[in-house]
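Contents: one structure, followed by commentary.
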Amino acid sequence: MKELILAAVVSTLAFSAFAEDHDHQALKTGNGKPATSATIAANKAVAKTLNYADVRAFENNNRGLIASFDQATGDLIHNSFNFIDPRAENAHKAPDTVNPSLWRQAAYNQAAEGLYQVHQGLYQVRGADLASMTFIRGKTGWIAYDVLTSIEAAAQAMKFFFANVPEGKNLPIVAMIYSHSHADHFGGARAIQEAFPNVRVYGSKNITKEIVDENVLAGNAMGRRVAYQYGNTLGRNETGIVDAALAKGVTFGQITYVKPHKEMNLKGKWETAEIDGIEMIFMDASGTEAVSEMVTYIPSIKAVWTGEMMYQGMHNVYTLRGTKVRDSLKWSKDINEMINAWGDDVEILFGSHSAPIWGNSEINDYMKMQRDAYGFIHNQALRLANSGYVMQDLGDKIYEVMPESIRKSWHTNGYHGTYSHNARAVYNMYLGYFDMNPANLNPLPIKPESAKFVEYMGGASKLLAKAEKDFAKGEYRFVATALNKLVQVEPDNRKVRKLLADTYEQLGYQSESAGWRNTYLTGAQELRLGKVTPGALKPDSADIISEMDIGLLFDYLAVRVDATKAQHTPFTLSMHMPDTGEYYFIEMSNGNLNNVKTNVMREADAAIILKQSDVTRLQLGQVKLDKLLASKKAEITGDQAVLEKLMASLVEFDDSFEIVPFSEVQVDSHIYD
Ligand SMILES: [Zn+2]
């Protein structure tokens with residue numbers, strides 16, 4: 001059952017492993033094409049609007065630097081981005097092929113690398129992974145806030161911390177706290193626990209359940225889409241990937257998890273606790289950036305830890321890889337709760353991405369601007385929707401109504417989320433995908449619709465000629481729309497693939513958002529080279545899989561059932577796990593696989609008894625069902641054919657399905673050599 005679940009869980013982790021360096025090297029990741037004059041002009045126009053004189057974010061990042069990464073530690077991520085100058089005074093020198101605002105963010109994130117003292121007894125290792133690791137001096141040892149993506153990254157960051165911290169070198173890590181349910185914040189947990197077995201672990205409300213549940217059912221699709229959003233197959237250079245918005249990128253290695261001894265805020269929005277002698281106030285912020293999330297205030301040093309509620313940019317209300325839409329109103333209101341509760345007293349604000357901010361008024365300005373940016377997206381998207389604008393219009397319209405102050409501030413720029421896709425997400429959350437225009441109620445499927453479109457345009461050569469003209473004028477957005485129709489109809493047309501790839505590439509070069517850039521450039525890459533398979537993700541997710549309940553496992557199997565086949569093979573199956581005392585009744589009916597938790601073993605075609613722990617081993621591929629049956633660790637009675645019926649009804653998902661049409665035809669491959 002290994003393949004059943006691993007792919008899904010990997011996507012659950014809500015991040016990319018685009019730092020899969022070993023596999024990465026095997027890809028053709030050289031240079032793309034130069035920027036066109038239209039792109040150069042567009043990027044120059046963007047540069048004119050940017051307030052380069054405001055270098056506060058860079059100053060805050062450099063403040064308190066104790067030690068830069070040495071050669072051994074620095075190669076985690078930053079070395080591969082050494083083509084980016086991290087100095088504020090050069091942040092305006094964007095190459096023609098990168099949106100100047102994104103380039104500045106790329107420089108800012110490149111500048112974060114090493115151990116920093118934020119305050120007495122408060123340190124951060126920044127730039128060792130996508131997230132930062134924070135250390136707070138407690139009464140008897142250190143408290144670690146968020147522990148990176150992998151065991152390797154956490155071990156290295158911890159070693160670097162203890163080698164360079166000017167105090168408490170011999171003290172243990174006595175507690176670790178996860179701010180939320182995304183893997184870049186807990187995946188390194190075992191590194192800490194192995195070094196300090198007595199470490200106490202704290203997490204946000206329902207974190208374990210949400211880590212396992214979030215996105216499992218759509219896991220295969222998300223896994224494929226992640227590679228686009230994070231540009232897993234792109235080269236790291238001025239025509240490829242330059243940044244990951246939150247930081248440079250994710251490290252490779254094993255994702256682990258240590259279940260918290262205590263989840264906070266189970267009884268309400270606020271909870272005060274003393275952790276190793278330090279008083280902390282936890283505020284539940286679940287349903288903002290993550291399904292399970294919290295922020296923390298430390299009264300003794302007047303510091304607020306924002307987790308991932310805020311960073312130096314606009315976050316994703318909707319994530320391109322595919323997520324349920326997040327609630328931007330709750331996001332805005334929860335930031336307001338923080339301002340209301342702590343705004344008068346706060347002197348330090350630090351998060352798990354980006355540098356801290358010091359000083360009460362600076363922090364309040366920052367929090368208010370962040371609050372208002374999420375509120376703006378929510379309220380204006382709905383104002384426009386209530387005025388008759390539809391999802392497709394909102395992407396542009398939202399910029400037209402944006403207040404100057406939001407436009408001018410660096411940390412509200414759309415590096416991760418964009419206002420365009422976030423505003424459309426708000427529409428989608430409230431009104432769904434349909435815009436009430438009858439023409440959009442029942443359009444033809446993509447391929448036949450594209451064929452008619454091309455026919456109405458006068459055929460392939462006429463469409464292509466028009467597209468070439470518009471490309472020369474820099475009208476890339478509509479050229480992409482039109483050529484996408486044509487490439488659906490003629491996927492082997494070399495000229496079409498080439499021009500559409502060139503079009504996506506220029507759109508990528510103009511994008512402020514790292515995710516948009518990567519998505520366009522990956523589309524261009526696949527049009528030119530055909531399917532480019534990213535390095536396989538190989539997390540050791542045993543810690544997480546063992547938390548998955550049987551009901552969710554069968555929910556996922558139900559998604560894999562081919563209903564046309566299964567309609568002819570109904571069956572019922574009872575299941576009992578003696579180690580957890582749980583019973584399930586599984587029923588294939590009308591081609592649909594149902595499961596329900598029961599109190600007793602219900603009568604069924606077959607009954608199976610096996611331990612939950614063996615189900616985990618089955619999922620991890622550590623054992624086979626026939627072995628368990630032979631060794632009497634599992635027992636099956638009744639009609640044995642039930643299991644065969646189940647297995648025969650399941651499809652295998654293709655984890656590299658077509659996004660741009662595939663073809664054997666290669667174009668422009670030399671540019672990646
Ligand atoms: Zn994160």
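Since every read-out is calculated from the coordinates, none of them should be taken as a lab result. This one's a predicted model, so the numbers in the text were calculated from it and none came from an experiment. Cβ: placed from backbone, ideal geometry, glycine included. Neighbour counts: every protein chain shown.
So what are the three principal axis dimensions of region 67-144 from its Cα atoms, in whole Å, longest to shortest?
Largest first, region 67-144 extends 53, 24, 18 Å along its Cα principal axes.
Taking the Cβ of each residue in Arg137, Arg326 as the centre, tally the other Cβ atoms inside 10 Å and list the residues starting with the fewest. Numbers along the way, then the final one.
Working: Arg137 20, Arg326 23.
Lowest to highest Cβ neighbour count: Arg137, Arg326.
Residue by residue, what Karplus-based ³J(HN,Hα) values in Hz, rounded to whole numbers, does region 586-602 have, using 6.51, -1.76 and 1.60 with θ = phi - 60° and x for Gly and Pro?
Whole-Hz 3J(HN,Hα) from phi for region 586-602: 10, 9, 8, 9, 6, x, 10, 8, 10, 9, 9, 6, 10, 9, 9, 6, 7.
For Leu65, what residues show an amide H to amide H distance below 5 Å, using hydrogens built from the backbone and excluding near sequence neighbours?
The list, which skips near neighbours in sequence, is Gln117.
Please work out whether region 191-261 counts as rounded, prolate or oblate from its C-alpha gyration tensor, where a ≥ b ≥ c are the square roots of the eigenvalues and a/c under 1.5 means rounded, while otherwise a/b larger than b/c means prolate and anything else oblate?
Details: a/c = 2.91, a/b = 1.61, b/c = 1.81.
Note, shape of region 191-261 comes out oblate.
How much length is gained if the chain between Glu337 and Tyr433 is pulled fully straight, taking 0.36 nm per residue apart and subtracting their Cα-Cα distance, in nm to one decimal? Intermediate results must be reported in sequence, preceding the final value.
Numbers: separation 96, 0.36 × 96 = 34.56 nm, distance 3.14 nm.
Stretched fully, the Glu337-Tyr433 segment lengthens by 31.4 nm.
Mind listing the long-range amide H neighbours of Glu293? Cut-off is under 5 Å, sequence gap 5 or more, other chains count too, H placed in the peptide plane at 1.01 Å from N.
The list, which skips near neighbours in sequence, is Lys205, Ala285, Ser286, Gly287.
Take every DSSP beta bridge with both residues inside the chain and express the antiparallel ones as a percent of the total, to the nearest 5. Working shown, then result.
Working: 52 of 69 bridges.
Roughly 75 percent of the beta bridges in the chain run antiparallel, per DSSP.
I need the calculated FRET efficiency for the pair Ala273 and Val596, taking r as the beta carbon distance and R₀ as 30 Å, to the nearest 0.05. Kindly include the intermediate steps, with their values, before the conclusion.
Working: r = 38 Å, r/R0 = 1.25.
Calculated transfer efficiency: 0.20.
Can you list the GluC sites (Glu not before Pro) in region 124-195 that are in a DSSP coil and have 14 or fewer other beta carbons within 10 angstrom?
Working: sites: Glu152, Glu167, Glu194; in loops: Glu167.
Those that pass, being in a loop and sparsely packed, are Glu167.
For region 617-646 and region 580-603, write down the distance between their C-alpha centroids in whole Å.
So the separation of the two Cα centres works out to 17 Å.
Taking square-rooted eigenvalues a ≥ b ≥ c of the alpha carbon gyration tensor, is the chain rounded, prolate or oblate, where a/c under 1.5 means rounded and, failing that, a/b exceeding b/c means prolate?
Working: a/c = 1.60, a/b = 1.03, b/c = 1.56.
It is oblate, given that a/c is not under 1.5 and a/b is not larger than b/c.
Could you give me the ³J(HN,Hα) list for region 568-583, computed from phi with Karplus coefficients 6.51, -1.76, 1.60 and θ = phi - 60°, whole Hz, x at Gly and Pro?
Per residue, the Karplus-derived 3J(HN,Hα) values read 8, 10, x, 7, 10, 9, 9, 9, 9, 10, x, 6, 10, x, 8, 10 Hz.
For Arg200, list long-range residues whose amide hydrogen, built 1.01 Å from N in the peptide plane, is under 5 Å from its own amide hydrogen.
Result for Arg200 returns Ala175, Met176.
Name the residues of region 187-214 whose amide N is less than 17 Å from a point 7 angstrom out from the Cα of Ser300 along the C-beta direction?
Within reach of a label on Ser300, which here means backbone N under 17 Å from a point 7 Å along Cα→Cβ, region 187-214 contributes 200.
Among rounded, prolate and oblate, which fits region 94-181 when a ≥ b ≥ c are the square roots of the eigenvalues of its C-alpha gyration tensor, a/c under 1.5 means rounded, and a/b larger than b/c means prolate?
Details: a/c = 2.60, a/b = 2.13, b/c = 1.22.
Taking the square roots of the gyration eigenvalues as a ≥ b ≥ c, region 94-181 is prolate.
How large is ³J(HN,Hα) for each residue in region 259-267, as worked out from phi by the Karplus curve 6.51 cos²θ - 1.76 cosθ + 1.60 (θ = phi - 60°), to whole Hz, x for Gly and Pro?
5, x, 5, 9, 9, 7, 6, 5, 9
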